[in-house]
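The structure under discussion appears below in the form of structure tokens.
The values are calculated or read from the model by the stated rules, or taken from the named source; none is laboratory data. All of these numbers come straight from a predicted model, not from anything done at the bench. As a convention, Cβ positions derive from the backbone with ideal geometry for all residues, glycine included, and neighbour counts pool all protein chains shown. With ligands, DNA and RNA removed, areas are computed over all heavy atoms of the protein, side chains included. Shrake-Rupley method; radii C 1.70, N 1.55, O 1.52, S 1.80 Å.
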Amino acid sequence: MRILVTGATGYVGGRLVPLLLDRGHTVRTTTSDPAREAPWWGGRVETVVMDVLDPEQVATACQDVDAIYYLIHGMGGDDFAETDREAARNVAAAARAASVERVVYLSGIVPDVPDDQLSEHITSRREVEQILQSAADTVVVLRAAVLIGSGSTSFEIIRQVSERLPLHTVPRWMDSLVQPVAVVDALEALVGALDHSGPSRHFDVGGPDRMRYGALLEGYTAHAGLDRTQVTVPLVPTALVGTLVGSLTDVPRPTVEALVESLQHDMVAADDDFLELLPEGHALVGIDEALRRSLVPATTGPEEADPMGPMPQDPVWAGGGDGRGALARVADAVRGALPGT
């Protein structure tokens, strides 16, 4: 199958492309910066220049492909929802014009709450789903839970908070139910979406374990060999938590704030229908194995490496930090959170 992968240099896309190639597909990827160093698999794909906000470039990228993976989304900033909206409209229009047969979109779990209680981040992702529904005859949306794997945004937040703070204070509202999923399981579901023979629909994608967010933090610290006391605290504003966590980690602050806001509600799969997308005999990775594999350092080249571990194209803020101590970060976070600073 001829496949266009947008967002191919992102965390998921960078792991999906080599998997598609190994399964025998022909892959085209996009870049907005042709001067950027090519990924380690770059010599095996066709790469075209595409700014997703440029309709002409999007139209060119979508020509002569059977399927499109839409792995683009904003995570913060004043205009991220409008940017997501425009990007999705451009791809949907180009896919229709090129008679693309299938579009696969990686979204996020949508909690079962009234629309006015959804975070801006989740609301925007759902709007993108709606825009893409007319992009092709078959549109498959995968709503993934918290992704576990070295380099995953959610995992790196957990890693850096755990390593930099001697005490875990979890706001009561944030200790919601989560259903983390290993990135290797999400990748298999993405590949399996190419063979979905039913009507267009969304699938919730979650791992075999459900737990409170605080228990997920405890699981990480246990596997990382850290001794951290956890305290549940009431009445901490969502915005303040986002600001503090964003200041304490190297993950871009708007991204952190968007993810923290989503944790006000249980983020669990409504069903396990996505299992039909997985290869026969595929066993989901449990949380303990997922955390263990995510913490194993790279010892081979990327061709042989476990996708759960670090890979060359992971974000610069993944797996480590800038060396500043936790106290300095806390002081910066507090100053940033105070009015007039």
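Observations, loosely collected:
- One residue from V48, V103 being touching a Leu at 6+ places or on another chain (Cβ under 7 Å) and without any contact (Cβ under 8 Å) to a residue 40 or more places away in the chain: V103
- Counting only helices (runs of 4 or more DSSP H) that sit completely within the stretch 1-109, those holding 1 or more residues that are farther than 28 Å from P302 by Cβ, among the charged types (D, E, K, R) and open to solvent by 30 Å² or more (accessible area, probe 1.4 Å) correspond to 55-61, 80-97.
- Residue selected from the stretch 273-288 under the condition touching a residue at least 60 places away in the same chain (Cβ under 8 Å) and either assigned to a loop (DSSP other than H, G, I, E, B) or on the phi > 0 side of the Ramachandran plot (or both), by the criterion surrounded by the fewest Cβ atoms within 10 Å (Cβ to Cβ): P279
- Looking across the stretch 135-154, the residues that are open to solvent by less than 10 Å² (accessible area, probe 1.4 Å), in contact with a Phe, Trp or Tyr (Cβ under 9 Å, 6 or more places away or on another chain) and within 16 Å of P307 (Cβ to Cβ) come down to I148, G149, G151, S152.
- Criterion (closer than 19 Å to E163 by Cα, at pLDDT below 75, in contact with a His (Cβ under 9 Å, 6 or more places away or on another chain) and open to solvent by less than 70 Å² (accessible area, probe 1.4 Å)) met by exactly one of V260, V245, V241, V231: V231
- The lone exception for I157 - which of (1) of a type outside the set (S, T, N, Q); (2) part of a strand (DSSP E or B); (3) open to solvent by 10 Å² or more (accessible area, probe 1.4 Å) it fails: (2)
- Selection status of E46, under 19 Å from D314 (Cα atoms) and not hydrophobic (A, V, I, L, M, F, W, C): no
- For the stretch 110-122, the set of residues classified as open to solvent by less than 60 Å² (accessible area, probe 1.4 Å) and within 17 Å of V146 (Cα to Cα) consists of V110, P111, L118, S119, H121, I122, listed by residue number.
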